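We did not get these values from a lab; they are worked out from the coordinates using the rules stated. Everything numeric here is computed off the predicted structure, so don't read it as measured data. Every residue, glycine as well, gets a Cβ built from its backbone with ideal geometry; the counts of neighbours run over all protein chains shown.
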Amino acid sequence: MAKTDHQYGLILAGGRGTRFWPRSRKRSAKQVLNFFGERSLIQQTVDRLRSILPPERIWVITNSHLRDTIAKQLPEVPKRQIIAEPAQRNTAPAIGLIAQILHRQDPDAVMGVFPADHVIEKNSRYLRLVKPAFKAAGDGKIAVLGVQPRWAETGYGYIEFPPGVTAGDITPVPVRSFREKPNLETAKEYVHAGNFFWNAGMFFWRADVVLNSLRDHLPKTAALLASLPPFASSKFKSALAAAFPECENISIDYAVLEKAQNIVGIPADEFGWNDVGTWNAVYELEARGIYSNVSRGEVISELATGNYVDVPGKLVALLGVENLVVVETADALLIADRNRSQQVSDIVKALEKQKREELL
C-alpha cells in the first residue's frame with residue numbers, strides 16, 4: 001500500500017453552534033446548515049478533502065441529534081463511520097475512540113482531525129499545507145496547522161513558533177507552546193511578535209501516537225477505550241454506550257497537545273480560513289450589497305447600513321438602522337446588534353433555564 005492509503009480523516013461534528021440561534025438547533029446545528037452556497041459546512045469539509053482523502057476513509061463523530069441528518073448529507077461516507085457519541089465528553093475521548101478503531105483496522109493509520117464547521121476559501125493552498133502535515137505525522141510527529149493572524153483576536157488560542165518563522169513555509173517547524181485565548185493586550189503582543197499563529201483546531205498524528213499519549217496523560221480514558229470490542233462486533237455499540245460516559249470530559253488540547261514533546265507545526269499564510277463563529281463572521285464573509293448590507297432574501301433598504309438579514313419568504317424593509325442581525329425561522333425571530341453577535345448564545349442559555357425545549 002502507498003503511504004497515502006494509510007491516511008484517514010476524522011471530522012468533529014458534535015457542537016451545537018448556539019451563537020447561530022435561531023437557525024442552529026440541536027437537530028439542525030451549525031455544521032449541517034448552508035450559510036454559503038447550496039452545500040452545508042460539513043459537506044464543504046468533505047468536498048475540500050476529497051482529492052487527498054476519499055470518502056471511504058472519512059470518519060465523522062457527532063451526537064445522536066445530528067447523526068441521521070449528517071448521514072443524509074454525506075451519502076458517500078459509509079454510514080457505519082458516522083458515529084454518535086453516547087455522551088458529550090469533549091474532543092480527547094472522541095479522537096481517542098476513532099484512533100482506537102483505526103489502529104485495530106490499520107496499525108499504520110495516520111489521522112487528520114478536522115472541524116466540521118469552518119470555511120476555507122483557498123482550497124488548493126490549504127491542501128498544499130495539509131499534505132506535509134500528514135507526512136510529518138506519518139514520521140511519528142504530532143503536526144498542527146497555525147493560521148497567520150489577521151488581527152488581534154481574543155476568541156482563538158495561539159500556537160507559538162520559534163522567532164523569525166516565515167508564514168507560508170510548508171516545512172514543519174517545532175512548536176514552542178500553545179497559548180490559551182488571550183486578553184486584547186496580549187493578543188496585540190502576539191500579533192506584533194510575528195511568531196504566534198491562530199490555532200485552527202486541525203491536528204495530524206499516527207493513531208498509535210494518539211493512543212500512547214492518552215495512556216500517558218489520560219490512563220482512565222485510554223483503558224476504557226482499549227476495553228471496547230472490535231468495531232465490527234455486535235457488542236461494540238452497547239459497550240461504547242457503557243464505557244464512553246465514564247471517559248474524562250477534556251479537550252485534546254489540554255489532555256495531549258499542551259504536554260506532548262514531539263509537536264511540529266506549519267505556519268500557514270492566508271488560505272481563507274474562518275471558523276465562522278458568529279452571525280457577524282457570516283456577514284464579513286458574504287458579498288455586500290448597497291450600503292454594505294447583506295441579505296438572504298428580499299430586502300428594501302433606506303438609510304440603513306451594515307445589516308445582515310436572513311428572513312426567507314418575505315420582504316424585509318430596513319429604515320434608518322445599522323449594524324443589525326435579523327434572522328427569522330418559523331418559530332423565532334432574532335434582532336441583535338451585529339457587534340454583539342457573540343452573545344447570541346446567552347439567549348440559548350436563557351431558553352434552557354426556561355426549559356423551552358421546542359426552541360432549542
## Note on the structure
For region 155-202 the mean separation of alpha carbon contacts under 8 Å (6+ apart) over residue count, i.e. relative contact order in percent, is 54 percent
### Equivalent ellipsoid semi-axes, region 276-360, via Cα gyration tensor eigenvalues times 5, rooted, Å
24, 14, 11
## Note on the structure
Only helices counted: for the chain, with every DSSP H run of 4 or more residues adding -39500 (n - 2.57) and the sum spread over all residues, [θ] at 222 nm is -8500 deg cm²/dmol
### Task
Using amide H atoms built 1.01 Å from N in the peptide plane, name the residues 5+ places from GLU322, or on other chains, whose amide H lies under 5 Å from its own.
THR305
### Task
Pull up all non-local amide H partners of ASN63: gap of 5 or more, or a different chain, and H-to-H distance under 5 Å with H placed in the peptide plane.
GLU85
### Message
How would ARG23, ARG288 line up from fewest to most surrounding beta-carbon atoms within 10 angstrom?
### Response
ARG288, ARG23
### Summary
Matching label for the computed Rg/Rh (Cα atoms, Kirkwood Rh), out of (1) 1.05; (2) 0.98; (3) 1.09, is (2)
### Query
Taking a spot 7 Å from the Cα of VAL316 along the direction of its beta carbon, which residues of region 24-45 have an amide N less than 19 Å from it?
24-25, 30, 33-38
### Query
Ranked highest first by the average count of other Cβ atoms within 10 Å around their residues, in what order do 132-140, 331-339 fall?
132-140, 331-339
### Message
At R0 = 30 Å, how high is the FRET efficiency between ALA350 and ARG27 if r is their beta carbon distance? Nearest 0.05 is fine.
### Response
0.90
### Task
Step through the residues of region 225-242 one at a time and calculate ³J(HN,Hα) from phi using the Karplus curve (6.51 cos²θ - 1.76 cosθ + 1.60, θ = phi - 60°), rounding each to whole Hz and writing x for Gly and Pro.
5, 5, 6, 5, x, x, 4, 7, 6, 5, 8, 4, 4, 5, 5, 5, 4, 7
#### Entry: Reachable aspartates and glutamates from LYS30, criterion Cα separation under 13 angstrom, eight or more residues apart if same chain
ASP117, ASP275
### Summary
Quick numbers on region 1-117, Rg and Dmax over C-alpha atoms in Å, give 14.0, 47
### Query
Could you give the dipole magnitude of region 279-359 about its Cα centre, charging the beta-carbon of Lys and Arg +1 and that of Asp and Glu -1, in debye to the nearest 20?
160 debye
### Summary
Most exposed first, judged by fewest Cβ atoms within 10 angstrom, GLU85, GLU352, GLU357 run GLU357, GLU352, GLU85
### Summary
For region 279-359, averaging the sequence separation of alpha carbon pairs under 8 Å that lie six or more residues apart and dividing by its residue count, the contact order in percent is 21 percent
### Query
Ordered by residue, what ³J(HN,Hα) values in Hz, to whole numbers, does region 334-351 give under the Karplus form 6.51 cos²θ - 1.76 cosθ + 1.60, where θ = phi - 60° and Gly and Pro are x?
10, 10, 9, 5, 4, 6, 10, 5, 4, 8, 4, 4, 5, 5, 4, 4, 5, 5
### Message
Could you list LEU360, LEU240 so that the one with the fewest beta carbons within 10 Å of its beta carbon is first and the one with the most is last?
### Response
LEU360, LEU240
#### Entry: Centre separation in Å (Cα based) which lies between region 216-267 and region 67-117
12 Å
### Summary
Set LYS26/LYS259; LYS131/LYS349; LYS181/LYS349, cut-off 31 Å on Cα-Cα distance; pairs above it are LYS26/LYS259; LYS131/LYS349
## Note on the structure
In debye to the nearest 20, the charge dipole size for region 175-319, taken about the Cα centre with +1 at each Lys and Arg Cβ and -1 at each Asp and Glu Cβ, equals 560 debye
### Task
Report ³J(HN,Hα) in whole Hz for each residue of region 42-47, in order, from the Karplus equation J = 6.51 cos²θ - 1.76 cosθ + 1.60 where θ = phi - 60°; Gly and Pro get x.
6, 4, 5, 4, 5, 4
### Message
Quick check on packing: order 154-163, 179-188 by the mean number of other C-beta atoms within 10 Å, highest mean leading.
### Response
154-163, 179-188
